[in-house]
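**Q** Quick one: this structure, given as structure tokens, is what I'll be asking you about.
Every number in this text was worked out from the coordinates using simple rules, so none of it is lab data. Keep in mind that what you see is a predicted model, and the values were worked out from it rather than measured. Cβ atoms come from the backbone with ideal geometry, glycine included; neighbour counts cover every protein chain shown.
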Amino acid sequence: MRLLVLWQGWKNDDQIGYHRACEQLVREGLLEAYEGLPFLSADGMGSANPVYQHALERATDINADCIFLQYFHYRNIPDPKLMIQSFRKLPSKPTILTSSGDSFGTWTRRIPFSLRRASHFGDITFMSGMGQMADLLVRGGGKNVCLMPHGFCQERFPLQEHQEDKNFQWEVTCVASNYKVRNPFSYLYGHKQLRIQQIRELSRRYGKRFALFGKGWEGFPCWKGPLPYEEQASVFSQSRVVVGGHPGGGMDYYLSDREFIALAAGCEFLEFWTPRIDRIFRPEVHWHLYRNHQEMVKLIDKLLEESPGENQERRQAAVKYARAKHSQYHRMKEMLRLAKEYSEARDRKKQYRPELNLFLPEVPWDEEKQYALKGWV
């Protein structure tokens, strides 16, 4: 397979986990060739963006048979129809992939036009959440939509030594920003309010034992200030209990990369339950799920009451499982596997339905596929 990727970034290293994964897959022999182009690197995002012309030239030069438009929902991306149609004319007959890394709503913060068009004219669309969001994309002309959650960056967050309980710097930690949402009708507005309520409850309950990192929490005594992205794992590994900030969406499977970073760092991690995330990590083994703030507090109290070292086995299980299955290297390899299978089925004029290697081994694919795949033609 010869791969060309248009990364969402100004340089390839903006997506360093995925970029290095592709380079590793070349060394492993899965890829014959790979080239990455950061599609934000041109001045402006007008229809004459030279990155698009350069992409066609490089696809021709390497005889690309797979082209990936990563996170194709940045602001002001022009209609990709003509670019994709140009790719279709190449002798290599490339499979066209696109992906989405954000959550989107029905009436506010709708799925961007660029993503809908890339999904319609491309072959496979990977989304970090499914449910209503995937249904909306399909109704808007998208097709062959497939779950592909975020993963942790194996380059920025290599394996660290496990902390002994006696060396923890913080008892309860949350890393989450208080994002700006002014429209009370936005689907994100309600989630923002729930996050604020959550932080108030944690601050009231745990006082100086609670450490809050992120942007926008001025006035909260527990606030430690913004946290550089690369320092998240260090903070997580130095915390007895880490609480995920109330997520910004209720879509099936939807998680940010922060959950994967935390579990790969080796901590007791709590997350608010959203549909089907318990198919990705095992509750009470890898992480702890709660449905309201009362359940959250009870879980935290229970974990804090454990004697030093009592939860070491759980933390090690989470690290082992996350690092064996949920890095950006694993995500890239999975997407390319599906692209190869799709291409082979297309050449044989056979219908293709992927089977994903994302879930816990006890999750039956025959039941799960109705939620993890949408709009396959």
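**Q** How large is log10 I(q)/I(0) at q = 0.15, 0.17, 0.21 Å⁻¹ when the Debye formula is applied to the Cα atoms of region 194-266, each weighted equally and without solvent?
**A** -0.54, -0.70, -1.06
**Q** Mind giving me the FRET efficiency for residue 171 and residue 58? R0 is 51 Å, r the Cβ-Cβ distance, nearest 0.05 is fine.
**A** 0.50
**Q** Right, here's the next one. How far is helix 312-325 tilted off the main Cα axis of the chain, in degrees rounded to 10, range 0 to 90?
**A** 10 degrees
**Q** Still on this model: On a straight-distance basis, which aspartates and glutamates could pair with residue 302 in a cross-link, Cα separation under 14 angstrom, same-chain partners fewer than 8 positions away excluded?
**A** Straight-distance partners of residue 302: 171, 268, 284, 310.
**Q** Next question, about the same structure. Please rank 253, 321, fewest neighbouring Cβ atoms within 10 Å first, as an exposure proxy.
**A** Lowest to highest Cβ neighbour count: 321, 253.
**Q** Just tell me which lysines come within less than 23 Å, Cα to Cα, of residue 320; anything on the same chain fewer than 8 places away is out.
**A** 166, 333
**Q** FRET efficiency for residue 10 and residue 302, Cβ-Cβ distance as r, R0 = 51 Å, nearest 0.05?
**A** Numbers: r = 45 Å, r/R0 = 0.89.
So, using R0 = 51 Å, E works out to roughly 0.65.
**Q** Over all directions, the average projected area of the alpha-carbon convex hull for region 165-325 comes to how many nm²?
**A** Seen from a random direction, the Cα hull of region 165-325 projects 9.0 nm² on average.
**Q** Once you have the Cα-Cα distance between residue 179 and residue 337, take 0.36 nm times their residue separation minus that, and quote the gain in nm to one decimal.
**A** On the way: separation 158, 0.36 × 158 = 56.88 nm, distance 3.60 nm.
Length difference between fully extended and current span is 53.3 nm.
**Q** Using 0.36 nm per residue, how much length does the chain from residue 220 to residue 355 gain when fully extended, once their Cα-Cα distance is taken away?
**A** Going from the current span to full extension adds 44.0 nm.
**Q** Taking H as built 1.01 Å from N, whose amide H comes closer than 5 Å to the amide H of residue 34, not counting residues under 5 places away?
**A** 3
**Q** Roughly what angle does helix 16-28 make with the longest principal axis of the chain, taking Cα atoms, 0 to 90 degrees, to the nearest 10?
**A** That works out to roughly 60 degrees.
**Q** If one takes the longest principal axis of the Cα atoms in the chain, at what angle in degrees, from 0 to 90 and to the nearest 10, does the Cα axis of helix 50-62 lie?
**A** The angle comes out at about 70 degrees.
**Q** Moving to a separate point now. Starting with the highest mean, order 72-85, 348-361, 265-278 by the number of other Cβ atoms within 10 Å, averaged over the residues of each peptide.
**A** Put in order of decreasing packing, that is 265-278, 72-85, 348-361.
**Q** Let's see if you can work this out: charge +1 on each Lys and Arg Cβ, -1 on each Asp and Glu Cβ, no other charges. What is the dipole magnitude of the chain about its Cα centre, in debye to the nearest 20?
**A** Roughly 1160 debye, rounded to the nearest 20.
**Q** Show that you can apply the helix-only estimate: for the chain, add -39,500 (n - 2.57) for every DSSP H stretch of four or more residues, divide by all residues, and state [θ] at 222 nm to the nearest 500.
**A** One gets -11500 deg cm²/dmol as the mean residue ellipticity at 222 nm.
**Q** What is the local net charge at residue 56, summed over the other residues whose Cβ is closer than 12 Å to its Cβ (Lys, Arg +1; Asp, Glu -1)?
**A** Charge balance near residue 56 sits at +1.
**Q** On to the next question. Grab the Cα-Cα distance for residue 108 and residue 317, subtract it from 0.36 nm times how many residues apart they are, and report the gain in nm with one decimal.
**A** Here the answer is 71.3 nm.
**Q** Which whole number of Å³ per residue matches the convex hull of the alpha-carbon atoms in region 290-356?
**A** Normalising the Cα hull of region 290-356 by residue number yields 119 Å³.
**Q** Please list the non-local residues whose amide H lies under 5 Å from the amide H of residue 150, H modeled 1.01 Å from N, same-chain partners needing a gap of 5 or more.
**A** Close amide H contacts, sequence-distant or interchain: 255.
**Q** Can you check what the net charge comes to around residue 36, using other residues whose Cβ is under 12 Å from the Cβ of residue 36 (Lys, Arg +1; Asp, Glu -1)? Mind showing how you got there, number by number?
**A** Details: positive: 11, 20, 58; negative: 13, 14, 23, 35.
Net charge around residue 36: -1.
**Q** Round to the nearest 0.05 the FRET efficiency obtained for residue 229 and residue 347 when R0 = 35 Å and r is the Cβ-Cβ distance.
**A** 0.30
**Q** What are the lysines whose alpha-carbon lies under 18 Å from the alpha-carbon of residue 143, with same-chain residues fewer than 8 places away excluded?
**A** Once the sequence-local lysines are set aside, what remains near residue 143 is 81, 340, 349, 350, 369, 374.
**Q** Follow-up question, since we're still on this one. Give me the log10 of I(q) over I(0) for the chain at q = 0.14 Å⁻¹, as the Debye formula computes it from C-alpha points; what are the numbers?
**A** -1.24
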